[in-house]
Amino acid sequence: MKVEVVPHDAAWRSKFADESNLITPALGNNLVRIHHIGSTSIPGIYAKPIIDILVEVKDITKVDEQNAAMITLGYEAMGEFGIPGRRYFRKHTESQRSHHVHIFTANSPEVERHLAFRDYMIAHPEDAQKYSQLKRELAKLYPEDIYAYMDGKDGFIKEMECKALAWQAAKNSFTCKLL
């Protein structure tokens, strides 16, 4: 798979919204929430032009019953695809991948991890720019090797996830009482 990172595109937000509107009826009353995650959800940074969508559901096993509806939307059902408790779908348009859908049970640790990373990067643009620069460098080094590209990001992502989860925990534990 060719590794291409491009400047942030404001249209990614509407592409996420459009796809969410398609996914919502496909998952029916099992759906709890849909989130835009991944680099396309972080303003101002370079990203692979693939919209990552995180879906929270009531019952992860019921998603398997909804595979046909997702396939009708052009998705390929990938099962857990290496992450226990996840259902993963990917979509191609023309000759390139366009969307990834990661489905987890609502409020799972995986949901928390993804949302904390996204929110941390949005709130800390200096770290987001470091991530953007790293991705650009790796894409130049490994233009035809997606696995080397991903491996090159791994340490940075893990470091940022730790920061993000600590930041989120501190933010959530803060309470303010008016006197």
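What follows is calculated from the coordinates using simple rules that are stated; it is not laboratory data. Computed from a predicted structure; not experimentally measured. All Cβ positions, even for glycine, are placed from backbone atoms using ideal geometry, and neighbour counts span all protein chains on display.
Using the structure shown, select from K48/K158; K58/K163; K15/K140; K2/K135; K62/K163; K2/K163 the pairs with a Cα to Cα distance greater than 22 angstrom. Correct reply: K58/K163; K15/K140; K62/K163; K2/K163.
The modelled label-to-label distance between K15 and A123, using points 7 Å beyond Cα along the C-beta direction, is 2.8 nm. The chain gives an Rg/Rh value of 0.98, both radii derived from C-alpha positions and Rh following Kirkwood.
For a protection proxy built on the mean count of beta-carbon atoms within 10 angstrom, sort 118-128, 156-166 highest first, please.
Working: 118-128: 16.6, 156-166: 15.0.
Top of the packing list down: 118-128, 156-166.
If the convex hull of the alpha-carbon atoms of the stretch 82-179 is projected onto planes in all directions, what is the mean projected area in square nanometres?
Numbers: hull surface 35.3 nm².
Dividing the Cα hull surface by four gives the mean projection, 8.8 nm².
Within the straight-line cut-off of under 19 Å between alpha carbons, the aspartates and glutamates reachable from K130 are E4, D9, D119, D151, D154, E159, E161, sequence neighbours fewer than 8 places apart in one chain being disregarded. For the peptides 99-112, 77-90, residues were scored by their other Cβ atoms within 10 Å and the scores averaged per peptide; the highest-first order is 99-112, 77-90. Computed from point charges on the beta carbon alone (+1 for Lys and Arg, -1 for Asp and Glu), the dipole magnitude for the chain about its Cα centre is near 380 Debye.
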